[in-house]
Structures are given as structure tokens and as C-alpha cells.
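Here is the structure we will look at, set down as C-alpha cells.
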């Protein structure tokens, strides 16, 4: 299991956090996702291989930027 942290800009509130967490939780092999709009950080844990570029693409599709 790996824990990956990404710097994400554009999150303004808890609704932003919830949206990102819900979407990332649907990606195969992501067991837990959290988002903190105050710190601008999204963290997720994996149970297998996860293509980080797909995670970043999903976050961008939601309207946020990955640093």
C-alpha cells in the first residue's frame, strides 16, 4: 500500500473536498482519499497499482489544478 499526496489548487470549501474524495474513491485500487482545501492537499492510499496521471486527469476534469 502506498500513500500519495498531491498539491491541488482551486478548492474553496468542504463541498470541493467531498467532490474530489467521492470521485477518487471510484478509481480502482484507491482505498482511501482525503482532501484539505485549507492546505490545498489531496491524499490517497492505494491497494495496488494506480496510474497517477489518471488521478491528476480526474482532478483536472473536476475543475481543479494539480501542481
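We did not get these values from a lab; they are worked out from the coordinates using the rules stated. Just so we're clear, the structure is a prediction, and the values are computed from it rather than from any experiment. We place every Cβ from the backbone using ideal geometry, glycine too, and count neighbours over all the protein chains shown.
Structure values in brief
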| item | result |
| --- | --- |
| Odd one out for residue 28, checked against (1) in a helix (DSSP H, G or I); (2) more than 16 Å from residue 65 (Cβ to Cβ); (3) out of contact with any strand residue (DSSP E or B) (no Cβ under 8 Å at 6 or more places or on another chain) | (1) |
| Matching option when the condition is in contact with a helix residue (DSSP H, G or I) (Cβ under 8 Å, 6 or more places away or on another chain) and not in a loop (DSSP other than H, G, I, E, B), among 45, 23, 57, 17 | 23 |
| Selection status of residue 52, in contact (Cβ under 8 Å) with a residue 24 or more places away in the chain, surrounded by 11 or more Cβ atoms within 10 Å (Cβ to Cβ) and under 14 Å from residue 67 (Cβ atoms) | yes |
| Criterion violated by residue 34 - all others in (1) in contact with a helix residue (DSSP H, G or I) (Cβ under 7 Å, 6 or more places away or on another chain); (2) buried (at least 16 other Cβ atoms within 10 Å of the Cβ) satisfied | (2) |
